[in-house]
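The values are calculated or read from the model by the stated rules, or taken from the named source; none is laboratory data. All of these numbers come straight from a predicted model, not from anything done at the bench. Quick reminder, even Gly has a Cβ in these numbers, built from the backbone with ideal geometry, and neighbours come from all protein chains shown. For the accessible areas, the whole protein counts, side chains as well, though only heavy atoms, and no ligand, DNA or RNA atoms are used. Shrake-Rupley method; radii C 1.70, N 1.55, O 1.52, S 1.80 Å.
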2 protein chains.
Amino acid sequence: MNYLHFSSRIFMPSCISSQPKTIWTSSNSENESKVVKLLQSQKGHCTKVSRSVNMENLQNGYLFPEIFMREYLHTQKYPNARVIRLGIGNTTEPIPDIITSAMAEHANALSTVEGYRGYGAEQGHMALRMAIAEKLYHNMGILGDEIFVSDGAQCDISRLQMLLGSNVTVAVQDPSFPAYIDSSVIAGRAGNFQEETGKYKNIVYLNCSPENNFFPNLSTASRADLIFFCSPNNPTGNAASWHQLKQLVEFAKANGSIIVYDSSYAAYISDGSPRSIYEIPGAREVAIEISSFSKFAGFTGVRLGWTVVPEELLYADGFPVIKDYNRIVCTCFNGASNIAQAGGLACLSEDGYQAITSVIDYYKENAKIIVDTFRSLGLKVYGGKNAPYIWVNFPGLSSWDVFNEILEKTHIVTIPGKGFGPAGEEYIRVGAFGHRESILEASARLKNLV
Amino acid sequence: MNYLHFSSRIFMPSCISSQPKTIWTSSNSENESKVVKLLQSQKGHCTKVSRSVNMENLQNGYLFPEIFMREYLHTQKYPNARVIRLGIGNTTEPIPDIITSAMAEHANALSTVEGYRGYGAEQGHMALRMAIAEKLYHNMGILGDEIFVSDGAQCDISRLQMLLGSNVTVAVQDPSFPAYIDSSVIAGRAGNFQEETGKYKNIVYLNCSPENNFFPNLSTASRADLIFFCSPNNPTGNAASWHQLKQLVEFAKANGSIIVYDSSYAAYISDGSPRSIYEIPGAREVAIEISSFSKFAGFTGVRLGWTVVPEELLYADGFPVIKDYNRIVCTCFNGASNIAQAGGLACLSEDGYQAITSVIDYYKENAKIIVDTFRSLGLKVYGGKNAPYIWVNFPGLSSWDVFNEILEKTHIVTIPGKGFGPAGEEYIRVGAFGHRESILEASARLKNLV
C-alpha cells in the first residue's frame with residue numbers, strides 16, 4: 001500500500017471526505033520505506049507493535065469504499081451533475097410499513113417496564129430462528145437451533161474466518177464478492193499476491209464465465225478446505241441450477257471440503273433454481289449457509305442476517321462445527337439488535353413476506369430495464385433474471401476504463417468487474433437498486449452513450 | 001473440551017435448553033479420542049477440515065452462557081423459587097422515552113421515500129461520531145473521524161484481534177472480562193493453558209487485588225504488545241486514578257505497547273477518576289479505547305458501542321493503526337444498525353443524557369444497597385462506587401462453591417470470581433442491575449443467609 005498521500009493528514013477517515021485518497025495503487029516498497037522514515041522522523045512515538053503482515057498483504061482498499069471515493073471525486077469535478085448510483089448494491093425503496101411498525105413498536109416498548117429487554121440470546125431470538133427455519137428452509141430439515149441470527153452476511157464471513165485454523169485453504173468463484181478473499185487475506189490464508197495473475201497464491205480461483213455457464217469446471221478444480229459459493233451470484237447474477245449444486249455438494253463431499261454458501265440474493269430467483277444449498281441431498285454434511293435480510297427486505301442499514309450450521313457438519317476429527325461456531329457467536333458477538341430482530345420476524349409473517357416480495361419484484365423490473373438497455377447497445381448481458389445484478393461484457397476493454405468512461409459520460413456509477421477478481425476484467429456490474437425514474441433516466445443516458 | 005454429554009444430541013443450541021451441558025470441565029484427551037471414534041463410527045461423513053487448534057485450546061464454555069446454564073438447572077430443581085439475577089450484567093430498567101422515541105421515529109421513517117436509508121458509512125453516522133467526540137471526549141482532542149461506531153464492545157474486541165498479526169503478545173488485568181483472554185485464544189496468541197496456574201502460557205496476567213489497590217505493579221510487569229485494561233473494572237468495580245493511569249500510559253510508552261482501554265462503565269464513575277484514557281497526556285500515542293452504550297444507556301439488547309483509534313497511534317514501522325482498523329471495519333463489519341445509531345444520538349442530546357444519568361443513578365443506589373448488605377455480613381467488599389459491580393471477598397473459599405451456596409440457599413445468581421481469572425478465586429461478582437424491589441429482596445435474603 002502506498003500511503004504517501006496521507007503524509008499531510010495520515011488518515012482518510014470516512015468514505016467521503018475532501019482529502020485525496022490512494023486509489024487502487026499497487027505497492028512500492030522502496031517508496032514505502034522512505035515514507036516510513038519520514039513519518040518516524042516527524043512523529044514523536046511509534047509503538048513496538050508490528051503491523052500485521054496479513055493487513056500489509058491486502059492489495060487494495062476495500063472495493064466498495066473505493067467506488068464511493070470515485071463517485072465523490074466525480075461529484076467534485078461535476079458539481080451540477082445528477083449522479084445515478086448503480087454501483088454499490090444499496091437498496092433504495094422504503095421498507096413496508098408492517099415491518100417498520102413492528103420495529104417502532106419494539107423500540108417504544110423498550111421504554112416500558114414490561115417491554116424492556118436487555119441482552120437476548122447471542123444466537124438470536126428463538127422465535128426468529130424458528131421463523132427463518134420454517135419460512136425459508138421448509139422441508140429442508142433445518143432446525144431453528146441451527147440458525148444463528150447476525151448483523152449481516154459480511155460480518156458472518158469474518159466470524160467464519162475466526163472459527164477456523166490458520167492452515168485452512170480457501171476456494172472462491174472468480175469473480176466473487178470481495179469480502180471472501182479479503183477476509184481470507186486478513187486471516188492469513190491467502191499467501192502472497194501475484195501481480196502477473198492478479199491472484200493470491202494460496203487461494204483457489206474457480207473461473208465462472210459464459211464459457212462454462214458461470215459454473216466452475218469441478219473436474220479440474222483443486223481441492224480446498226472451504227469453498228465460498230454465492231448463488232445467485234454477486235456479481236454475475238447467475239443462479240446455479242439444482243444439477244450444478246448437486247455436483248458441487250458431491251465435489252465437496254468427495255474432497256472433504258466445507259461449502260460456505262451465500263444465499264443473500266435467493267429471494268430474487270425467478271426460474272425455480274434452488275434458493276438454498278439445503279435443497280440438495282447431503283448438503284447438511286458439507287455446507288454452511290450465510291444469508292441476509294439486506295437485499296431481501298431492504299435491511300442494508302438496519303443490519304440483520306443469519307448463518308445456518310447444520311449439526312451433521314463435522315470437522316475431520318468428528319467434532320461438530322456448530323459447537324465451535326456457537327462459541328464464536330457467544331465470545332465474539334453478542335446478538336443482533338433486538339429491534340432489527342423484531343423487524344426480521346415481521347418480514348416472515350404472511351403479510352410481511354408478501355409486502356417485501358412486492359419490493360423485490362420492483363427491483364426485478366428495474367433489472368429487466370437495465371438488461372434490455374445494454375442488450376439494445378449490442379452488448380452481451382448476463383444476470384438480472386435471478387438477481388439484482390447485471391453483468392455486462394465489454395470485450396477487449398479494461399473494466400476500470402469502462403467504469404470511468406460510463407461515469408464520465410453518463411454520470412452513472414457502476415462497478416468495474418475486476419474489483420471482483422481477475423475474471424471480472426472486461427465486465428462491469430450494474431445494480432438494479434434505485435427509484436424507477438432513476439433507472440429509466442439511466443437507461444436513456446446509456447442509450448445515448450453511443 | 002469434553003463433549004461426551006452431547007452424544008445423544010450433539011449440540012446445546014441455545015443458552016437455555018433442556019439438554020444437559022458440559023459445565024466448566026477440563027479437557028481429557030483420552031476420553032476425547034474415544035468420543036471422536038464413537039462419533040466417527042456413528043456419523044456418515046466427516047469433512048477433512050481440521051478443527052482450529054485455537055478453538056481446542058479454549059478451556060471452558062464462555063463464562064456468561066455457563067452462568068445462564070447454572071441458573072437454568074437451578075430453576076429446574078426449584079421450579080417455584082423466585083430467582084434474582086445479579087450475575088450477568090444485564091440492564092433491567094426501561095430506556096428513557098426520549099431515546100426510544102428517536103429509534104421508533106427512525107424505524108417508521110424507513111417506510112417512507114424521504115426517510116428510507118440503506119447502507120450507512122461503515123464507521124458510523126458522522127453526526128453520531130461527532131456527538132460522541134464532543135460529549136464524551138470534550139477537551140481530549142478526540143475527533144469524530146477517530147471514532148468508529150459499532151454494535152458493541154465485545155464485537156470490537158474481536159475486530160481488534162483480527163487487526164493484529166499472530167505474533168502479538170497480550171497482557172490482561174487479573175481478574176478481567178473473559179472476552180479479552182478468550183478472543184486472544186481464538187486468535188492464537190495465548191499459548192497452552194496451564195492447569196497448575198489456571199493461566200495461558202503466553203498471556204501476561206497483571207494481578208489486581210486489594211494488596212495493590214487493584215492496580216498492577218508495573219515495575220515488575222512483563223512487556224506485552226497489547227495491554228487490555230478496563231476501568232472502571234469489570235469485575236472488581238475499581239476505577240483507576242489519574243496518577244495510576246498516567247503510570248500505565250508511561251509504561252506503555254516505554255515498552256512500545258498499545259493499551260486497549262475499555263471504558264464501558266465510565267458513566268458510573270462518582271469520585272472524579274478519569275472517564276477516558278485520553279484524559280492522560282500522551283495517551284493518543286499509545287491507546288485505543290473501546291466503549292459501549294450497553295451499560296451507559298441500557299442498550300444491552302439494542303447493540304451499540306464505539307472504538308476510538310487516535311491518528312497518532314502508530315505501528316513499529318510508523319504505519320497508522322487507524323488506517324488498518326478502518327479497513328477491518330469496512331471489510332469485516334458493515335456499520336451498526338441505523339435505528340440503534342439514532343438512539344445513540346438521542347442519548348447524547350442534553351435531555352437524553354440527563355435521562356440516562358438518572359437510570360445510572362438508580363443502579364448506583366442499587367450498588368450501594370448491595371455493598372452495605374455484604375458489609376453488614378462482615379465481608380470485605382470492593383467496587384460499587386464507580387461501577388455497577390460489587391466484588392466480594394470470601395477468604396479461603398472457592399468462588400464456585402460460594403456461587404453455588406448462595407444460589408442454593410438464596411436463589412440469587414452471582415458470578416464466581418474465578419470465571420474472570422485465577423485472581424478471582426475467593427471472590428464473587430455481584431451486579432447492581434435489577435428492579436429496586438429485587439435488590440431489596442436479595443439484600444434481605446443475603447442477610448438471612450447466616
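Could you list all residues from the range A:195-249 that are over 30 Å from residue B:50 (Cβ atoms) and not in a helix (DSSP H, G or I)?
Result: A:195, A:196, A:209, A:213, A:214, A:232, A:235, A:236, A:237, A:238, A:239, A:241.
For residue B:343, state whether it is over 30 Å from residue B:443 (Cβ atoms) and without any contact (Cβ under 8 Å) to a residue 40 or more places away in the chain.
So residue B:343 fails the test.
Just the residues that are among the charged types (D, E, K, R) and within 11 Å of chain A (Cβ to nearest Cβ), please, taken from the range B:325-384.
Passing the criteria: only B:327.
Would you pick out the residues in the range B:431-441 that are in contact (Cβ under 8 Å) with a residue 24 or more places away in the chain and out of contact with any Phe, Trp or Tyr (no Cβ under 7 Å at 6 or more places or on another chain)?
Listed by number, the residues that qualify are B:434, B:435, B:436, B:438, B:439, B:440, B:441.
Consider residue B:430 against the criteria (1) of a type in the set (Val, Ile, Thr); (2) open to solvent by 10 Å² or more (accessible area, probe 1.4 Å); (3) not in a loop (DSSP other than H, G, I, E, B): it satisfies all of them except one. Which criterion is unmet?
So the condition that residue B:430 fails would be (2).
Of the residues in the range A:149-177, how many are surrounded by 23 or more Cβ atoms within 10 Å (Cβ to Cβ) and under 19 Å from residue A:222 (Cα atoms)?
Counting residues in the range A:149-177 that are surrounded by 23 or more Cβ atoms within 10 Å (Cβ to Cβ) and under 19 Å from residue A:222 (Cα atoms) gives 6.
What is the residue count in the range A:122-134 for residues that are open to solvent by 30 Å² or more (accessible area, probe 1.4 Å) and either farther than 30 Å from residue B:69 by Cβ or assigned to a loop (DSSP other than H, G, I, E, B) (or both)?
1
Run residue B:310 past the list (1) more than 7 Å from every other protein chain (Cβ to nearest Cβ); (2) part of a loop (DSSP other than H, G, I, E, B); (3) closer than 23 Å to residue A:301 by Cα; (4) not charged (D, E, K, R) and report the number of the one that doesn't hold.
Status for residue B:310: all satisfied but (3).
Any residue in the range B:278-285 that is away from every other protein chain (no Cβ under 14 Å) and small (Gly, Ala, Ser)?
There is no residue in the range B:278-285 that is away from every other protein chain (no Cβ under 14 Å) and small (Gly, Ala, Ser).
For the range B:95-121, enumerate the residues that are open to solvent by less than 50 Å² (accessible area, probe 1.4 Å) and in a helix (DSSP H, G or I).
Correct list: B:99, B:100, B:101, B:102, B:103, B:104, B:106, B:107, B:109.
Run residue A:167 past the list (1) closer than 19 Å to residue A:321 by Cα; (2) within 14 Å of chain B (Cβ to nearest Cβ); (3) modelled with pLDDT of 95 or more and report the number of the one that doesn't hold.
That leaves (3) as the condition not met.
Of everything in the range B:313-333 that's part of a loop (DSSP other than H, G, I, E, B) and not hydrophobic (A, V, I, L, M, F, W, C), which residue is most open to solvent (accessible area, probe 1.4 Å)?
B:317
Here's a check for you: in the range A:59-87, which residue that is assigned to a loop (DSSP other than H, G, I, E, B) and buried (at least 21 other Cβ atoms within 10 Å of the Cβ) is nearest to the other protein chains (Cβ to nearest Cβ)?
Per the criteria, the residue is A:62.
What number of residues within the range A:223-243 are buried (at least 24 other Cβ atoms within 10 Å of the Cβ) and over 12 Å from the mean Cα position of the chain (by Cα)?
Total satisfying the criteria: 7.
Tell me, yes or no, whether the range A:381-398 has at least one residue that is in a helix (DSSP H, G or I) and either under 16 Å from residue A:424 (Cα atoms) or not small (Gly, Ala, Ser) (or both).
No, there is no match, as no residue in the range A:381-398 is in a helix (DSSP H, G or I) and either under 16 Å from residue A:424 (Cα atoms) or not small (Gly, Ala, Ser) (or both).
Select from the range B:117-157 the residues that are within 11 Å of chain A (Cβ to nearest Cβ), under 15 Å from residue B:336 (Cβ atoms) and within 20 Å of the chain's Cα centre (by Cα) and list them in ascending order.
Result: B:147, B:148, B:150, B:151, B:152, B:153, B:154, B:155, B:156.
Kindly evaluate residue A:423 against the criterion of being in a helix (DSSP H, G or I), closer than 16 Å to residue A:210 by Cα and open to solvent by less than 50 Å² (accessible area, probe 1.4 Å).
Yes: the conditions hold for residue A:423.
Testing residue A:387 on (1) within 14 Å of chain B (Cβ to nearest Cβ); (2) open to solvent by less than 10 Å² (accessible area, probe 1.4 Å), one condition comes back false. Which one is that?
So residue A:387 meets the others, but not (1).
Looking at this structure, is residue B:270 open to solvent by less than 10 Å² (accessible area, probe 1.4 Å), over 18 Å from residue B:203 (Cβ atoms) and at pLDDT 95 or above?
no
Residue check: is residue B:303 facing chain A (nearest Cβ under 9 Å), assigned to a loop (DSSP other than H, G, I, E, B) and either in contact (Cβ under 8 Å) with a residue 40 or more places away in the chain or out of contact with any helix residue (DSSP H, G or I) (no Cβ under 9 Å at 6 or more places or on another chain) (or both)?
So residue B:303 fits the description; yes.
Could we say that residue A:92 is facing chain B (nearest Cβ under 9 Å), on the phi < 0 side of the Ramachandran plot and within 30 Å of the chain's Cα centre (by Cα) here?
Against the criterion (facing chain B (nearest Cβ under 9 Å), on the phi < 0 side of the Ramachandran plot and within 30 Å of the chain's Cα centre (by Cα)), residue A:92 qualifies.
Hey, does the range A:38-55 have a residue that's modelled with pLDDT of 95 or more and more than 8 Å from chain B (Cβ to nearest Cβ)?
no
Consider residue A:396 against the criteria (1) in contact with an Asp or Glu (Cβ under 8 Å, 6 or more places away or on another chain); (2) on the phi > 0 side of the Ramachandran plot; (3) open to solvent by less than 30 Å² (accessible area, probe 1.4 Å): it satisfies all of them except one. Which criterion is unmet?
Of (1) in contact with an Asp or Glu (Cβ under 8 Å, 6 or more places away or on another chain); (2) on the phi > 0 side of the Ramachandran plot; (3) open to solvent by less than 30 Å² (accessible area, probe 1.4 Å), only one is false for residue A:396: (3).
Let me confirm something: among A:290, A:280, which residue is open to solvent by less than 10 Å² (accessible area, probe 1.4 Å), in the same structural domain as residue A:316 (by TED's automatic domain parsing) and in contact with a strand residue (DSSP E or B) (Cβ under 6 Å, 6 or more places away or on another chain)?
Sole residue among the options that is open to solvent by less than 10 Å² (accessible area, probe 1.4 Å), in the same structural domain as residue A:316 (by TED's automatic domain parsing) and in contact with a strand residue (DSSP E or B) (Cβ under 6 Å, 6 or more places away or on another chain): A:290.
So residue A:275 fits all but one of (1) in contact (Cβ under 8 Å) with a residue 40 or more places away in the chain; (2) buried (at least 24 other Cβ atoms within 10 Å of the Cβ); what number is the exception?
For residue A:275, the failing item is (2).
Condition check ((1) touching a strand residue (DSSP E or B) at 6+ places or on another chain (Cβ under 8 Å); (2) assigned to a helix (DSSP H, G or I); (3) open to solvent by 10 Å² or more (accessible area, probe 1.4 Å)) across all residues:
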residue	(1), (2), (3)
B:344	yes, yes, no
B:352	no, yes, no
B:356	no, yes, no
B:362	no, yes, yes
B:443	no, yes, yes
B:450	no, no, yes
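Of the numbered conditions (1) more than 11 Å from chain A (Cβ to nearest Cβ); (2) surrounded by fewer than 22 Cβ atoms within 10 Å (Cβ to Cβ); (3) touching a helix residue (DSSP H, G or I) at 6+ places or on another chain (Cβ under 7 Å), residue B:188 fails exactly one; give the number of that condition.
Condition not satisfied by residue B:188: (1).
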